[in-house]
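The values are calculated or read from the model by the stated rules, or taken from the named source; none is laboratory data. All values derive from a computational prediction rather than experimental measurement. Note that each Cβ is placed from the backbone with ideal geometry, even for glycine, and that neighbours are counted across all protein chains shown. We work out accessible area using only protein heavy atoms, side chains counted, and drop any ligands, DNA or RNA first. Shrake-Rupley method; radii C 1.70, N 1.55, O 1.52, S 1.80 Å.
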Amino acid sequence: MRLKDKVAIVTGGTSGIGRATALLFAREGARVAVTGRDDRRGREVVAAIERAGGRAIFVRSDVRLAVDCRRTVEETVRTFGRLDILFNNAGVFHPHTTVECTEEEWDDQIDVNLKGVFLMSREALPAMIRQKSGVIVNNSSGWGIVGGDAAVAYCASKGGVVLMTKAMAIDHGRQGIRVNCICPGDVETPMLPDDAKKRGLTWEDYLKGAANRPLGRIGTPEEIAGAVLFLASDDSSFMTGAALVVDGGGAAD
Amino acid sequence: MSGGRLAGRGALVTGGGSGIGRAAALRLAREGAAVAIVDRNETAARAAAEAIVAAGGRALVLPGDVTSDADCRRAVEETTRAFGGLAILFNNAGITRRETILEIREADWDRVMEVNVKAIFLMSRAAIPVMRRAGSGSIINTASGWGLSAGPKAAAYCASKGAVVQLTRAMAVDHGPEGIRVNCICPGDTDTPLLRNEAYQLGEPIDQFLGAASQRPLRRVGTPEEIAEAVLYLASDDASFVNGAALIVDGGGQAGSV
Ligand SMILES: NC(=O)c1ccc[n+]([C@@H]2O[C@H](COP(=O)([O-])OP(=O)(O)OC[C@H]3O[C@@H](n4cnc5c(N)ncnc54)[C@H](O)[C@@H]3O)[C@@H](O)[C@H]2O)c1
Ligand SMILES: NC(=O)c1ccc[n+]([C@@H]2O[C@H](COP(=O)([O-])OP(=O)(O)OC[C@H]3O[C@@H](n4cnc5c(N)ncnc54)[C@H](O)[C@@H]3O)[C@@H](O)[C@H]2O)c1
């Protein structure tokens, strides 16, 4: 087991990539605090982990709120005694150009996708610094590296996550803390059908776009979770400040 | 070792006799892969294979020069015959010359390009038809942090490693549709004979040379074993959606200026 005796927080862990990662972390021996805003979905993930023999708690928490982030770390450390891994995964996406994007949608994406990483990391780092070890993995996006259509605020937030990852790696490397991010391409989660709907595309047409990419398909949440596990585990002990692209070759094209 | 993450797979590691290649060969074998070690240094290749067998693994020694098309073809044929297939190719053999373009001799420029870049072309050209028949495969090339940003007195090396990063992406685009994933690793300074030889080429005391790493975020050079874990990740099904990526494993050296 690659995360034996470790304690992890997964934000936005009640669906998609976060849920798959929480399940995989637990299977690899970690005790997991899953956060999100929906109690019912949170309880469902915890139950799935426990059914598989793992240990987990749900912390109802909004990554936009500093008090919630503080409480998340406090409850995790109180329950499990330490904190080794923070997966900043919660994210939102409203597809719009600069002209169409409302100020509320702009603020929402920057607040959840970028400021949420700051608020959660600020609360988690002191516990990790005390232990002289810790790992932070941020969920950026392929669109944190290259631009995408009708996604201005999202691209800005995710580009911010990539550079913030590097800046945090520089600041906290000497304290024994590694900070890396993943840049997924299209992944089959509730976010994509939602995006398709907002763009007025059928799911079939949306998937056709992926058929032209090198691996000819979109990814699964489990495939992204595999990358997060690698970065969260000691297997990546010499990695910090990196952006791991997991996109079937989309960005290479 | 039947339960490992690479159980039943055939692998070929170039430059497997020393440093990163040797550590990767041992790591892949520990996860159940049968590993062919290609190296110009036969004694080193044999020692690596013996270490694998001593740990209960399966290995094949293939002395050869990766800049020779005939050697590459023979290596792929023998590996495929011995292991019944070739699922993983780690193109890792490499050399460095610490000189500016005004200092380097033309023959040395050519050699750096042949070992670091052309060999990847030759070995991959031999291996891809085998992977294509199987409908899957994973190729990992060793680039370098200096394939992404440059360092002093290493013009040919930087040029060669930049080429490896871009060659990796081009191969990923061409062969992804055939089920073959192609990625590269970009290690930072890693404690191997190659790194120590750089200090020698530059005429710097080894301690001072290795000590420069204390300025970087993790404050140290890497170990070959740490790079080998990245190779294992890319070789395994854990990375089934990773294609065309350049994985930086450098203790934060590329993250920015401290
Ligand atoms: N699906 C993709 O194609 C894709 C591609 C690249 C990056 N990503 C990124 O992956 C991450 C996970 O997305 P997903 O695809 O699994 O989508 P998802 O919608 O299934 O998951 C996102 C989760 O974040 C939660 N969340 C949103 N706002 C929150 C807040 N304020 N506080 C706490 N939780 C909040 C949501 O409730 C949801 O559970 C996101 O950061 C997303 O930007 C997704
Ligand atoms: N050590 C580092 O700091 C570092 C950093 C970034 C990238 N790299 C790259 O990692 C790779 C491995 O380097 P290393 O540090 O393990 O070096 P190393 O010198 O320890 O090992 C290289 C091996 O390749 C073999 N080799 C060289 N030329 C060959 C040829 N023509 N045919 C067959 N075998 C040949 C050598 O005999 C040796 O066993 C190289 O591509 C190097 O450029 C190393």
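Scanning segment A:227-253 for residues that are more than 16 Å from A:Ser140 (Cβ to Cβ), open to solvent by 10 Å² or more (accessible area, probe 1.4 Å) and facing chain B (nearest Cβ under 7 Å) yields a count of 4. When the criteria are applied in full, B:Leu202 meets the requirement of being more than 22 Å from A:Ile177 (Cβ to Cβ) and either more than 13 Å from chain A (Cβ to nearest Cβ) or touching a Gly at 6+ places or on another chain (Cβ under 7 Å) (or both).
Tallying residues that are open to solvent by less than 70 Å² (accessible area, probe 1.4 Å) and either part of a helix (DSSP H, G or I) or within 16 Å of ligand 2 (Cβ to nearest atom) (or both) within segment A:170-186 yields 4.
When segment B:236-251 is filtered for residues that are assigned to a helix (DSSP H, G or I), open to solvent by 10 Å² or more (accessible area, probe 1.4 Å) and facing chain A (nearest Cβ under 7 Å), only B:Asp238 remains. Listed by first and then second residue, the pairs with beta-carbon distance under 9 Å, at least 6 apart or on different chains, first residue in segment A:101-130 and in a helix (DSSP H, G or I), second open to solvent by 60 Å² or more (accessible area, probe 1.4 Å) and of a type in the set (A, V, I, L, M), are A:Leu119/A:Leu65. Scanning segment A:150-163 for residues that are touching a residue at least 12 places away in the same chain (Cβ under 8 Å) and open to solvent by 40 Å² or more (accessible area, probe 1.4 Å) yields a total of 2. Exactly one residue out of B:Ala107, B:Ala126, B:Ala70 is modelled with pLDDT of 95 or more, buried (at least 17 other Cβ atoms within 10 Å of the Cβ) and of a type outside the set (Ser, Thr, Tyr), and it is B:Ala126. Look at (1) at pLDDT 95 or above; (2) polar (S, T, N, Q); (3) away from ligand 1 (no atom under 12 Å from the Cβ) and you find that A:Ser157 fails only one, number (3). Against the test of being under 18 Å from the mean Cα position of the chain (by Cα) and more than 16 Å from ligand 2 (Cβ to nearest atom), the options A:Gly29, A:Gly81, A:Gly13 yield a single qualifying residue, A:Gly13. For the condition in contact with a His (Cβ under 7 Å, 6 or more places away or on another chain) and within 14 Å of chain A (Cβ to nearest Cβ), B:Val182 qualifies. Being of a type in the set (Val, Ile, Thr), in contact (Cβ under 8 Å) with a residue 24 or more places away in the chain and within 16 Å of ligand 2 (Cβ to nearest atom) narrows it down to one of B:Val115, B:Val130, so name that one. Exactly one of B:Val115, B:Val130 is of a type in the set (Val, Ile, Thr), in contact (Cβ under 8 Å) with a residue 24 or more places away in the chain and within 16 Å of ligand 2 (Cβ to nearest atom), namely B:Val115. Of the helices (runs of 4 or more DSSP H) lying entirely inside segment A:187-253, those containing at least 3 residues that are touching a residue at least 60 places away in the same chain (Cβ under 8 Å) and within 14 Å of the chain's Cα centre (by Cα) span A:221-232. Checked against (1) facing chain A (nearest Cβ under 9 Å); (2) open to solvent by 50 Å² or more (accessible area, probe 1.4 Å); (3) aromatic (Phe, Trp, Tyr), B:Tyr233 passes all but condition (2).
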